[in-house]
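The values are calculated or read from the model by the stated rules, or taken from the named source; none is laboratory data. As the structure is a prediction and not an experimental result, all values here were calculated from the model. Neighbour counts run over all protein chains shown; Cβ positions are idealised from the backbone, glycine included. When the accessible area is computed, the model is the full protein with side chains, heavy atoms only, and any ligands, DNA or RNA have been set aside. Shrake-Rupley method; radii C 1.70, N 1.55, O 1.52, S 1.80 Å.
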Amino acid sequence: MAASEQSGLIATESDLDAFGKASAEQRQLTDGLKGVLAETACTGVIRYKWLLIRPLLVQLLQQQLRSFEAAEHVDVGPARPLLSGDDSVDALCERFAGLLLGFQGAPWTLQRLCELLLEPRKQYQRLHKLALALEKLLLVTSELDVTQDPGPAPSLSQLARVNETPANTGSAAGAAAVGQKRQRHDESDSGGLVAAALTIKQQPGAAQQQQQWRQQADDDAAEGATHAAGGQAAAAAAAAAAAAAAAKAEPAAMDVDSKSD
């Protein structure tokens, strides 16, 4: 057991270095190692160099994606979104790990990334939703430096609960609204490849198809009515303009006639 674990503190730099050098089979995410990510999630402090933190994120990301995939195989309920083509959780893990390896420093979304990887089920219950949120957090270019003078390493007991809605929301409904807003922010404008890799293949039933057809027919009818109304308005405007021009021309003609007399 690492010295940091015995003291109840988050992992030290030497603990992170040992984790990064270990083989994939030997790596274990201890409470002390997760505590490093929890400190960033709760406070935004980046205590250690990015190259030391990155292996933790890769390992935790892969664990969470596989955990979500396993849960979707045993859950009951409506049909789940399916992976399309040759894409799989392995492909997602490889893609996200590649995105993490592409950063030379901590991505500016690191705090939210740590929140989501430590406690993803506080906002998400489905693999494709989690994947979309993770992709958005990784498709950034700005990077952060290590925090200067972060202070002494906190103990695990000092860290607040991760990915919690703010305590001052006023009510349970308010807290739920904050959580939903955070989820919408994670998912909005992802713009990446996971949207294609996690295509929803739920075939609509007959009733749903009929409803879609009726909706399309209503939309077409409304569009036609709009065009017709626009045409009638344009014709009326043209007639009014012609009448106004004729009214102006009539006095001018009368003036010419009076001068000739």
key: Check on V162, in a loop (DSSP other than H, G, I, E, B) and open to solvent by 20 Å² or more (accessible area, probe 1.4 Å)   = no
key: Residue that is modelled with pLDDT of 95 or more and either open to solvent by 40 Å² or more (accessible area, probe 1.4 Å) or part of a loop (DSSP other than H, G, I, E, B) (or both), where the choices are A18, A24, A38, A70   = A18
Members of segment 136-150 that are out of contact with any Lys or Arg (no Cβ under 8 Å at 6 or more places or on another chain), open to solvent by less than 80 Å² (accessible area, probe 1.4 Å) and in contact (Cβ under 8 Å) with a residue 60 or more places away in the chain = L144
request  = Go through segment 136-182 residue by residue and tally those that are modelled with pLDDT under 55 and either touching a Gly at 6+ places or on another chain (Cβ under 8 Å) or not hydrophobic (A, V, I, L, M, F, W, C) (or both).
outcome  = 9
inquiry  = at pLDDT 95 or above, charged (D, E, K, R) and in a helix (DSSP H, G or I): is that true of R112 in this structure?
reply    = yes
